[in-house]
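Here the structure is laid out as structure tokens; the discussion comes afterwards.
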Amino acid sequence: MSQIDLARLQFAMTSIYHFLFVPVTIGLGFLTALLQTGWHRSGRADLLQLTRFFGTLLVINIAVGVVTGLVQEFQFGMDWSAYSRTVGDVFGAPLAMEGLAAFFLESTFLGLWLFGWDRLPPRVHLATIWLVAVGGALSAAFIMAANSWMQHPVGYTVDQATGRPQLDDVWKLFTNPVFLRGYLHVILASLVTGSVVMLAVSAWQLRKGSSPLAFHAAARLALVVLVPVILAAMLVGSELGVTEGKYQPMKIAGAEAQWDTCQPCSFSLFQISGGKNDMTPTQIIAIPHLLSLLATNHWNGKVLGLNAVQAQYEQQYGPGSYIPNIFIQYWSMRVMAYLAVVVLLVGLWGLWLLWRKRLSAAHRFHRVAVWTAVLPFLMNTAGWLLTENGRQPWIVQGIQLTRNGVSPSVSTATVATSLVVFFLLYAALAVVALVLITRYARKQLAPPPAEDTPVPALTY
Amino acid sequence: MALATFWFIVTATLWTGFFVLEGFDLGVGMLHTFVARDEAGRRAAINTIGPLWDGNEVWLIVAAAAMFAAFPSWYATMFSGFYPVLILLLVGLIVRGVSFEFRGKVDSTRWVRTWDVLLTVGSLLVPLLIGIALGGLLHGVPIDQSQEFTGDIADLFSGYAVFTGITLVLLCLLHGATFITLRTTGAVQDRALALARRIAPPTILAVLAFQPWTHSVAGGGVLPDVLELVAVLAVLAAGWLLAGRHEGWAFVATTVVIATTVLSFFADLYPRLMVSSTDSAFDLTVHNSASGGYALKVMSVVAIVFFPLVLAYQGWTYHVFRLRVSAEQFDVPDRGSG
């Protein structure tokens, strides 16, 4: 493997890993804030117990999310110095803003929330968990603005002397149509992840029969959030597809393995083979018009085939292949979308049980709900594979090729060593985090503090 | 170009803020097993920084992001050139970061002791490696005319760079020991004070050597400038104040030492960002590595709006958690749900 393959592998591994934790932080952050708000308003002790129970899961998750985020920030310079040098003028700004405006907020108020239970007035303490949640969501906004610029560069001019893009309209970074839809999609996906995790933990607890009233309340909150949010995530995701289809036609054509231009275009549920250069995969169950609808919002919309876009790009950018890995593209899209349907069905099942007042005793549902916890993580990963793989071979669409972004001064051996180091470290971290999260998710609720005594801080 | 200089000052300030604030967190991380004889004492030491360390570490993240945004070439050359140092730094930051959260989560002595070791080692690696990286900026590494690092791993560990790392480790140890003395009671406080007094002499010697060395590496001769003189006086004052058990004033003194040491380092570096040992014509400077005027202007507005806000709420956090922490608070086995 070459330096570039290893650097890409390292970036993929560390990003996917980081993004296992990020959506839980954002989603569970808001849900924990909702639980604490419920306690604040009603004074119900079980809501306080739940706040602290899920808050503990939240902070274990945040700990890993924060440290793996450091790797992301350093990696641009370490492995992708040519990229950083070229686009830092534009790409660096949202990262610096993220730190100043969002990450300080999230980290400082997390400390205040954890250790401030017995120090702060209840209303102020409630505000701290909301600021943690808002800080996390805001942080994602800046990162998504930076990433959306890589998908669809806007708000820049190319400096004549250096040939590098220079920021000339920061507002365009935050009104980038890819950003607006992509960010909303990420926030909704995070809420899906958080609520599925909360549902799964509550279902496990309900099955064991511990604190049934409290965990019924938590499961209800999770379900009430989950169903509208996953529907919205699917709708926004489909809109995002249309937007990306406009700016990154390869991404969308690749997601259907559509080699020839079509109008109207059908969507295949499955296909057999269809690897990198296989232009005639066997499509199973093609649904007429669906691809047209998904990619263009029109019943008879035209979707440019990979070959047509390739010819156009060769004319525009010179010879070379501009086609991403079609296998990853085709299947990541389907894994994401199909699993979303499964999660939606589980959510609807749960809502129905809730309506029939049978949620507490529905053991089959509990068992299914526990295992549903795995799905959002697969969906999130597939979604990022779809987005990032679909941009290839570009690191910034139309501006720089991935192979030109890699660090010239770093040797293959160095990248290989660091890949091994991170793989081992992350594997160990995954085991520890998983053991801790499952252990704490299966604990019984801690008894509520006696009346008239302050709620103790969550100390180390 | 005035804005580029402004962003150099911002970057220097962020690094200074990081070492002033996270400096004592790192010191506490290195010392938490040495200031206590039992688990209650160790927990008291760790909980002095419990609510603070995470917010303090953001100073590092923002410092790196500011370099990326304001001086993309600096960030690109330094981070790719110092690759092996930064990998180790990340490992240190990762194991240290999770050990706070993980160490108390399982009721087993072996588990807790394992994370204690990782917390200690991680907290040692961070200032050591950042020091080696910063020292390398001023000492110089091979850089060619296209601003690419052309050296090998040995170029990263020059005597001056390693000594910068050692000096920062000692400063963090002194700062941390003084902080524990200031923020705890009883036996933990006594042991922290005793440790601070033992750490003071080597730290004084290191600072006395570091200031003139820095000044001469920077090409300014061995006579220190005003900031460096303040650093020397403050470290002497810290030693004297600790001997007299004035931990509050001693903490002020260690804060001043760290702040002036880091600031004077950057003052000596200016207007260079990264010295090329190949040819001084290839030095990365504030002028040849900065982002365009528009990007710097936008970020200046953001910094001017948010920086005071950050200082206000971080300051308030310190006010909320101003009470001393005692080991007796941690003797009870009940830990809430956490």
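None of the figures in this text is laboratory data; all of them are computed from the coordinates on show. Not measured: the values here are computed from a predicted model. A quick note on method: Cβ atoms are made from the backbone with ideal geometry, for glycine too, and the neighbour counts reach across all protein chains shown.
A few notes on this one:
- Summed residue charge, Cβ within 15 Å of A:L304's Cβ, Lys/Arg positive, Asp/Glu negative: -1
- Folded to 0 to 90 degrees: helix A:412-441 orientation relative to chain A principal axis, Cα: 30 degrees
- When the alpha carbon gyration tensor of the stretch B:273-330 is reduced to an equivalent ellipsoid, the three semi-axes, largest first, read 42, 22, 6 Å.
- Length-normalised contact order of chain A in % [C-alpha pairs under 8 Å, at least 6 apart]: 22 percent
- Summing charges over neighbours of A:V170, with a neighbour being any other residue whose Cβ is under 13 Å away from its Cβ, gives -1 when K and R count +1 and D and E count -1.
- Rounded tilt (10° steps) of A:122-151 against the dominant C-alpha axis of chain A: 10 degrees
- Applying 0.36 nm per residue to the separation of B:N288 and B:Q145 and subtracting their alpha-carbon distance, the gain on full extension is 50.3 nm.
- Under the simplified labelling scheme, the A:N307-B:L208 pair shows an inter-label distance of 8.1 nm, with each label point 7 Å from Cα along Cα→Cβ.
- Helices of chain B meeting both criteria, an alpha-carbon length of 24 angstrom or more along the long axis and an average Kyte-Doolittle score not below 1.6, with helices taken as full DSSP H segments, are B:83-102, B:226-243.
- Helical contribution to [θ] at 222 nm, DSSP H n ≥ 4, -39,500 (n - 2.57), averaged over chain B, rounded to 500: -25500 deg cm²/dmol
- Average Cα contact separation per residue, chain B, under 8 Å, 6 or more apart, as relative contact order %: 26 percent
- Take the Cα radius of gyration of the stretch B:29-165 and divide it by 2.2 N^0.38 Å, N being the number of residues; the result is 1.23.
- Counting Cα-Cα pairs of chain A in 20 Å increments starting at 0 gives whole-percent bin shares of 23, 53, 22, 1.
- Here's how it looks for A:A457: its modeled amide H is under 5 Å from those of A:D118, which are all 5 or more places away or on a different chain.
- Seen through its C-alpha gyration tensor, with square-root eigenvalues sorted a ≥ b ≥ c, the stretch B:196-338 comes out oblate because a/c lies at 1.5 or above while a/b is not bigger than b/c.
- Förster radius 51 Å - calculated FRET efficiency between B:R198 and A:R367 (Cβ-Cβ, nearest 0.05): 0.30
- For chain A, the 222 nm mean residue ellipticity estimated from helices alone, with every DSSP H stretch of n ≥ 4 adding -39500 (n - 2.57) and the total spread over all residues, rounds to -24000 deg cm²/dmol.
- Segment A:L235..A:T417, full-extension length gain: 61.3 nm, with 0.36 nm per residue of separation and the alpha-carbon distance subtracted.
- Inter-site label distance for A:S266 and B:Y313 at 7 Å from Cα along Cβ, in nm: 5.4 nm
- Pairwise FRET efficiency - B:V301 versus A:R439, Cβ, R0 = 51 Å, nearest 0.05: 0.65
- With the convex hull drawn around the C-alpha atoms of the stretch B:43-108, the volume per residue stands at 93 Å³.
- Overall form of the stretch A:138-284 per C-alpha gyration tensor (a/c, 1.5; a/b vs b/c): oblate
- For the protein assembly as shown, the spread of Cα positions along the three principal axes, ordered from largest to smallest, is 84, 71, 42 Å.
- Debye intensity ratio in log₁₀ form over the Cα atoms of the stretch B:2-325, taken at each q of 0.11, 0.12 Å⁻¹: -0.69, -0.82
- Label-point separation in nm, A:V431 to B:R322, each point 7 Å along Cα→Cβ: 4.7 nm
- Chain A: Lys pairs at Cα distance under 19 angstrom, eight or more positions apart or on different chains: 6
- For chain A, the longest principal axis of the C-alpha atoms and the axis of helix A:374-389 are separated by about 20°.
- Computed from phi, the 3J(HN,Hα) profile of the stretch A:60-65 under the Karplus parametrisation 6.51, -1.76, 1.60 (θ = phi - 60°) reads 4, 5, 4, 3, 6, x Hz, with x in place of Gly and Pro.
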